[in-house]
Amino acid sequence: MTDRESKIAVVTGAGSGIGRAVAVELLRAGWSVALAGRRTGTLEATAALVPGGATLAVRTDVSRPEDVDALFAATVDRFGRVDLLFNNAGINGPREVPVEELSYDDWRQVVDVNLNGAFLCARAAYRRMKEQDPQGGRIINNGSVSAHTPRPLSVAYTTTKHALTGLTKSLSLDGRPHRIAVGQIDIGNAATDMTARMQAGALQANGEVAPEPVMDVADVARTVRHMAELPLEANVQFATVLATAMPYIGRG
């Protein structure tokens, strides 16, 4: 974050779930936010949650380089610079499919969004942050507790989230000379539409199906805001925020 009054963020996957919660938290804190997602209507609904907030809704498929380039060009054209990228867009892919039954097309879709999309957005943000004046900015990647420990039958999702940790570390190292701070937030069971099924029952490593606790997604948003508003001389490299009683520590 810069010392200037104006703070500019790009939030991908901003039309729902964690992305929407983070965008709202930043807007309420006075940030200007470019909202990126595949459906303009949901982005506009996010913007409407904070009347008077400085927003820009940009329809974006993060797996398409031309969409990502257009997103960052529109953000700079509207707001002048980029201080923060919350690299959040992601998909689960087919649910609980054995690896031998997972199609290449389904694998590729998850990789294209979760990993390639994160790279494309980070690359675009990095270019802007390196060249802008004052130089620098922050990138926060949305990992997952699956970046550390997989769920059963989640090979595509888990692989991309493990890879995202490598992306975070490399970007963090390479950003040092240019005042670009890069960190990752690993989230477990935030209450969103994507995790609604957890409360009804999720497949466990022992083959049982058991309900899991969830936490308020606003708690995730506050954590992202804390990471975002640190001075660039300080960085939360990795943060894990999860429902306290979820079966993660000792999973399996």
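The values are calculated or read from the model by the stated rules, or taken from the named source; none is laboratory data. In this text, all values refer to a predicted model and were calculated from it rather than measured experimentally. Quick reminder, even Gly has a Cβ in these numbers, built from the backbone with ideal geometry, and neighbours come from all protein chains shown.
Condition (residue is surrounded by fewer than 18 Cβ atoms within 10 Å (Cβ to Cβ), in contact (Cβ under 8 Å) with a residue 24 or more places away in the chain, farther than 30 Å from residue 80 by Cβ and not hydrophobic (A, V, I, L, M, F, W, C)) applied to segment 122-132: is it met by at least one residue?
no
Between a first residue in segment 53-66 that is more than 27 Å from residue 7 (Cβ to Cβ) and a second residue that is modelled with pLDDT of 95 or more, which pairs have beta carbons less than 7 Å apart while being 6 or more apart in sequence or on different chains?
What qualifies is 63/112; 63/113; 63/116; 63/117.
Can you tell me which condition residue 24 does not meet? The list is (1) out of contact with any strand residue (DSSP E or B) (no Cβ under 7 Å at 6 or more places or on another chain); (2) touching a residue at least 24 places away in the same chain (Cβ under 8 Å); (3) in a loop (DSSP other than H, G, I, E, B), and all the others hold.
Among (1) out of contact with any strand residue (DSSP E or B) (no Cβ under 7 Å at 6 or more places or on another chain); (2) touching a residue at least 24 places away in the same chain (Cβ under 8 Å); (3) in a loop (DSSP other than H, G, I, E, B), residue 24 violates only (3).
Residues 168, 149, 192, 160: which one is touching a Lys or Arg at 6+ places or on another chain (Cβ under 8 Å) and within 29 Å of residue 123 (Cβ to Cβ)?
Values: 168 fails: touching a Lys or Arg at 6+ places or on another chain (Cβ under 8 Å); 192 fails: touching a Lys or Arg at 6+ places or on another chain (Cβ under 8 Å); 160 fails: touching a Lys or Arg at 6+ places or on another chain (Cβ under 8 Å).
Answer to the selection: 149.
Might you check whether a residue that is among the aromatic types (Phe, Trp, Tyr), in contact with a Gly (Cβ under 9 Å, 6 or more places away or on another chain) and within 18 Å of residue 9 (Cβ to Cβ) occurs anywhere in segment 105-118?
If we filter segment 105-118 for residues that are among the aromatic types (Phe, Trp, Tyr), which is where we start, we get 107.
Right, trim to in contact with a Gly (Cβ under 9 Å, 6 or more places away or on another chain) and you get 107.
Applying the additional criterion that residues be within 18 Å of residue 9 (Cβ to Cβ) yields none.
Scanning segment 105-118 turns up no residue that is among the aromatic types (Phe, Trp, Tyr), in contact with a Gly (Cβ under 9 Å, 6 or more places away or on another chain) and within 18 Å of residue 9 (Cβ to Cβ).
State which residue is modelled with the highest pLDDT when the search covers only segment 86-109 and only residues that are over 24 Å from residue 172 (Cβ atoms) and within 15 Å of the chain's Cα centre (by Cα).
Taking segment 86-109 as the starting set, the residues that turn out to be over 24 Å from residue 172 (Cβ atoms) are 91-109.
Filter once more, so that each one left must be within 15 Å of the chain's Cα centre (by Cα): 91-92.
Values: 91: 95, 92: 91.
The extreme case among them is 91.
Can you list the helices (runs of 4 or more DSSP H) lying wholly within segment 133-229 that have 1 or more residues being modelled with pLDDT of 90 or more and surrounded by 14 or more Cβ atoms within 10 Å (Cβ to Cβ)? Break it down stepwise before answering.
Values: elements: 155-175, 196-200, 217-228.
It comes to 155-175, 217-228.
List the pairs whose first member sits in segment 148-171 and is free of Cβ contacts under 8 Å to residues at least 12 places away in the same chain, whose second member is buried (at least 16 other Cβ atoms within 10 Å of the Cβ), and whose Cβ atoms are under 8 Å apart, counting only residues at least 6 apart or on separate chains?
Sorted first by the residue in segment 148-171, then by its partner, the pairs are 150/158.
With the structure loaded, tell me whether residue 36 is touching a Cys at 6+ places or on another chain (Cβ under 9 Å), of a type in the set (Gly, Ala, Ser), in a loop (DSSP other than H, G, I, E, B) and buried (at least 17 other Cβ atoms within 10 Å of the Cβ) or whether it fails that test.
Working: touching a Cys at 6+ places or on another chain (Cβ under 9 Å): yes; of a type in the set (Gly, Ala, Ser): yes; in a loop (DSSP other than H, G, I, E, B): no; buried (at least 17 other Cβ atoms within 10 Å of the Cβ): yes.
It is false that residue 36 is touching a Cys at 6+ places or on another chain (Cβ under 9 Å), of a type in the set (Gly, Ala, Ser), in a loop (DSSP other than H, G, I, E, B) and buried (at least 17 other Cβ atoms within 10 Å of the Cβ).
Of all residues in segment 139-162, how many are aliphatic (A, V, I, L, M) and within 23 Å of residue 228 (Cβ to Cβ)?
Of segment 139-162, the ones aliphatic (A, V, I, L, M) are 139-140, 145, 147, 153, 155-156.
From what's left, within 23 Å of residue 228 (Cβ to Cβ): 139-140, 145, 147.
So the answer is 4.
Pull out all pairs, ordered by first then second residue, where Cβ-Cβ is under 8 Å, the residues are six or more apart or on different chains, the first lies in segment 71-83 and is of a type in the set (Lys, Arg), and the second is surrounded by fewer than 19 Cβ atoms within 10 Å (Cβ to Cβ).
The qualifying pairs are 81/132.
I need the full set of residues from segment 43-66 which are surrounded by fewer than 19 Cβ atoms within 10 Å (Cβ to Cβ) and either touching a Cys at 6+ places or on another chain (Cβ under 9 Å) or not in a loop (DSSP other than H, G, I, E, B) (or both), in order please.
44, 45, 48, 59, 65, 66
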